[in-house]
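Have a look at the structure below, then the notes.
The values are calculated or read from the model by the stated rules, or taken from the named source; none is laboratory data. Bear in mind that the values here come from a model prediction, so they are computed numbers and not experimental data. So basically every Cβ, Gly included, is an ideal-geometry build from the backbone, and we count neighbours across all protein chains shown.
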Amino acid sequence: MKELAILSPGKDLPYTRRELLKWMKSKLKEYNIRLRKKLSQIMLVDPKILTFIAKKSYELISGKESPIVIEIGAGIGNLTQFLGHENIDALIIAIEIDHRFTPILQEVKKTFNNIEIIIGDALSLLTSMRGIDLVTGNIPYHITSHLLLALAQSSIPLALLTLQKDVAERIISKPGTKNYGKLSILMQMLFDVEVLRVIPSSLFIPSPQVSSAIIILRRKNPYNQYVRIAEELTKCLFSYKRKLVYKAFAYCIDRKLNDKVKVEGDLWRKRVSHLTIEDIVKLADIYVELKKRN
Ligand code: SAH
């Protein structure tokens, strides 16, 4: 009988890289698919890393009853299969925008009974989905920032993502360093961030130009009105990154509030680039108070 997918529920790990590569190439050929750069179609063909991600996702959702896992950018369903294989009790909802992969993903779905496929845009779907326990995937790199923003603004509690290493570095950057900015602040305000490992580009087909990293985002705060204000303020303040805080703050708030600000204490004499998350929260507090009183 023709094997539908490279993995099947009963089959033992590990799988060889060659086997996976052969399966992938045969499927692309069968359905006459050429991978599209424009959609960041780079496939991770390393069974060890795929297993690592799948096992990690299992660990992250263990203890949850009937957990729901979303995979962003399923592509040919390589990670999807590993996720299905390792998370028998979970429902894996694999989202892919490119309908050319539909028949391959349907084959994968047929092999497992815990996989659902949605052909659509993960960006818009993420904001409308409820009850999700974990979002995972080797995400499409051309929309990484948008996806991170959508995740931040959602109520999703956990994410296990493969993304560009330099973006991972930006997310975890500390005050005063080169990469520190609005992305680091927003993500650190909302999540505990852990970088699990770096993946060389040679493990993808075709090889991207940059290295990748696997990260975990564990939500510690909800995205609410208050965070939104802090986010807006950060965005404005960091457009004056090298300025002193009292100056930048004055540029960022309504002009009529300027006279009301008491610029006493060390915070105001810092450079914007050195503001910690706590400082930003403090400034957002001051801003909200000023607005309320006036
Ligand atoms: N899951 C595979 C492929 C990752 S490549 C693997 O792990 O190797 C990223 C995938 O995201 C591609 O298949 C691409 O078509 C898909 N993609 C790109 N933009 C998307 C979007 N807006 N929503 C959902 N999927 C998208």
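What are the residue pairs meeting all of these: first residue in the range 101-121, first residue touching a residue at least 12 places away in the same chain (Cβ under 8 Å), second residue part of a helix (DSSP H, G or I) and surrounded by fewer than 17 Cβ atoms within 10 Å (Cβ to Cβ), Cβ atoms under 7 Å, and 6 or more apart or on different chains?
Within 7 Å, the pairs are I117/Q106; I118/L125; I119/H99; I119/T102.
Among the residues of the range 175-223, how many are of a type in the set (D, E, K, R), farther than 19 Å from T51 by Cα and touching a helix residue (DSSP H, G or I) at 6+ places or on another chain (Cβ under 8 Å)?
Taking the range 175-223 as the starting set, the residues that turn out to be of a type in the set (D, E, K, R) are 178, 182, 192, 194, 197, 218-220.
With farther than 19 Å from T51 by Cα added as a condition, the list becomes 178, 182, 192, 218-220.
Okay, now just the ones that are also touching a helix residue (DSSP H, G or I) at 6+ places or on another chain (Cβ under 8 Å), so 182, 219-220.
The number of residues fulfilling the criteria is 3.
Quick test for you: out of I93, I117, pick the one residue that is in a strand (DSSP E or B) and closer than 21 Å to T51 by Cβ.
Going through I93, I117 in turn, the sole match is I93.
Check I143 against each of (1) of a type outside the set (G, A, S); (2) within 13 Å of the ligand (Cβ to nearest atom); (3) farther than 23 Å from S211 by Cα and name the one condition it does not meet.
(3)
Conditions tested, residue by residue: (1) in contact with a strand residue (DSSP E or B) (Cβ under 8 Å, 6 or more places away or on another chain); (2) part of a loop (DSSP other than H, G, I, E, B).
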{"position": "Q188", "(1), (2)": "no, no"}
{"position": "E194", "(1), (2)": "yes, no"}
{"position": "R197", "(1), (2)": "yes, no"}
{"position": "S202", "(1), (2)": "no, no"}
{"position": "S207", "(1), (2)": "no, yes"}
{"position": "I215", "(1), (2)": "yes, no"}
{"position": "R218", "(1), (2)": "yes, no"}
{"position": "Y223", "(1), (2)": "no, yes"}
{"position": "V227", "(1), (2)": "no, no"}
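Which is of a type in the set (S, T, N, Q) and in contact (Cβ under 8 Å) with a residue 12 or more places away in the chain, of S155, S128, S173, S124?
Details: S128 fails: in contact (Cβ under 8 Å) with a residue 12 or more places away in the chain; S173 fails: in contact (Cβ under 8 Å) with a residue 12 or more places away in the chain; S124 fails: in contact (Cβ under 8 Å) with a residue 12 or more places away in the chain.
Matching residue, one of S155, S128, S173, S124: S155.
Looking for something surrounded by fewer than 24 Cβ atoms within 10 Å (Cβ to Cβ), under 16 Å from I156 (Cβ atoms), at pLDDT 95 or above and among the acidic types (D, E) - is there at least one such residue anywhere in the range 68-84?
No, every residue in the range 68-84 fails to be surrounded by fewer than 24 Cβ atoms within 10 Å (Cβ to Cβ), under 16 Å from I156 (Cβ atoms), at pLDDT 95 or above and among the acidic types (D, E).
Considering only residues that are surrounded by 19 or more Cβ atoms within 10 Å (Cβ to Cβ) and over 19 Å from T136 (Cα atoms), which ones fall in the range 146-174?
Passing the criteria: only R170.
Does the range 68-77 contain at least one residue that is farther than 24 Å from H142 by Cβ, away from the ligand (no atom under 11 Å from the Cβ), out of contact with any Asp or Glu (no Cβ under 7 Å at 6 or more places or on another chain) and not charged (D, E, K, R)? Steps first, answer last, please.
Taking the range 68-77 first, the residues farther than 24 Å from H142 by Cβ are 68.
Those left that are additionally away from the ligand (no atom under 11 Å from the Cβ): 68.
From what is left, the residues that are out of contact with any Asp or Glu (no Cβ under 7 Å at 6 or more places or on another chain) are none.
No, every residue in the range 68-77 fails to be farther than 24 Å from H142 by Cβ, away from the ligand (no atom under 11 Å from the Cβ), out of contact with any Asp or Glu (no Cβ under 7 Å at 6 or more places or on another chain) and not charged (D, E, K, R).
Report, by residue number, each residue of the range 35-74 that is of a type in the set (G, A, S), in contact with a helix residue (DSSP H, G or I) (Cβ under 7 Å, 6 or more places away or on another chain) and without any contact (Cβ under 8 Å) to a residue 60 or more places away in the chain.
Matches in the range 35-74: A54 only.
Collect the residues in the range 115-140 that are surrounded by fewer than 21 Cβ atoms within 10 Å (Cβ to Cβ), more than 14 Å from the ligand (Cβ to nearest atom) and modelled with pLDDT of 95 or more, keeping them in residue-number order.
Correct list: E116, I132, D133.
Considering each residue of the range 230-287, count those that are among the basic types (K, R) and part of a helix (DSSP H, G or I), and give that number.
Taking the range 230-287 first, the residues among the basic types (K, R) are 235, 241-243, 247, 255-256, 260, 262, 269-271, 282.
Then keep just the ones that are part of a helix (DSSP H, G or I); that gives 235, 247, 255-256, 260, 269, 282.
Selection size over the range 230-287: 7.
Please verify whether I6 is in a helix (DSSP H, G or I) and touching a residue at least 60 places away in the same chain (Cβ under 8 Å), treating the condition exactly as stated.
Against the criterion (in a helix (DSSP H, G or I) and touching a residue at least 60 places away in the same chain (Cβ under 8 Å)), I6 does not qualify.
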